[in-house]
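We did not get these values from a lab; they are worked out from the coordinates using the rules stated. Just so it is clear, the structure is predicted and the values come from calculations on it, not from any experiment. Cβ placement follows ideal geometry from the backbone for every residue including glycine, while neighbour counts extend to all protein chains displayed.
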Amino acid sequence: MKSQTRVSTQTIGSVLVVRFIDSKLVEQIDELRTSLLELIEPKQKMIISFQGVDVISGPVLDLLLSCKNTIATLGGGLRLCAMSPVIREVFRITQLHKAFEICDDEKVAIEAFCD
């Protein structure tokens with residue numbers, strides 16, 4: 001049985017934009033892991049948008065690091081965008097803002113892949 005998808009996707013040019021369906025990323029880690037890891041392909045350019053996300057848990061932060069490392073190993077890139085001030089502060093406090101390229105919005109993130 002296939003797990004419930006926790007993300008929506010849209011391809012814009014050569015970039016895959018991933019958006020979370022839930023506003024609270026806390027308890028659904030297994031579904032999120034399956035949804036995100038199924039999207040990763042060699043040389044993948046991926047943007048994960050946090051538009052509408054209010055809460056994020058430590059396991060989700062770990063999952064994002066795992067996705068980043070997997071994508072990098074396969075020759076691709078990952079950017080995060082559209083974080084609320086609260087989510088951005090979580091990344092700052094955990095020092096993860098140093099591990100990810102974080103853009104203000106999807107447009108900026110897409111343009112960053114074109115540079």
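Extending 7 Å from Cα along the Cβ direction at Asp62 and again at Ile93 yields two label points whose distance is 1.8 nm. Sparsely packed loop sites in the range 29-66 (the trypsin sites (Lys or Arg not before Pro) outside DSSP H, G, I, E and B with at most 12 other Cβ atoms within 10 Å) comprise Lys43. Within the same chain, lysines fewer than 8 places from Lys98 are excluded, and of the rest, those with a Cα less than 27 Å from its Cα are Lys24, Lys43, Lys45, Lys68, Lys107. Here the gap between Glu111 and Gln51, fully extended at 0.36 nm per residue and compared with their Cα-Cα distance, gives a gain of 19.8 nm.
Here the 3J(HN,Hα) profile of the range 75-84, calculated from phi with Karplus coefficients 6.51, -1.76 and 1.60 at θ = phi - 60°, is x, x, x, 10, 10, 10, 7, 6, 7, 5 Hz, Gly and Pro shown as x.
Inter-part distance, the range 1-75 to the range 89-109, computed on C-alpha centroids, equals 15 Å.
Which of Gln44, Gln95, Gln28 moves the most in a Gaussian network model of the chain with Cα springs under 10 Å? In this elastic network of the chain, the residue with the biggest mean-square fluctuation among Gln44, Gln95, Gln28 is Gln95.
Counting only cysteine Cβ atoms and a cutoff under 4.7 Å, the chain contains unmatched residues Cys67, Cys114. Most simply put, the chain has about 30% antiparallel DSSP beta bridges, counting only bridges with both residues inside it.
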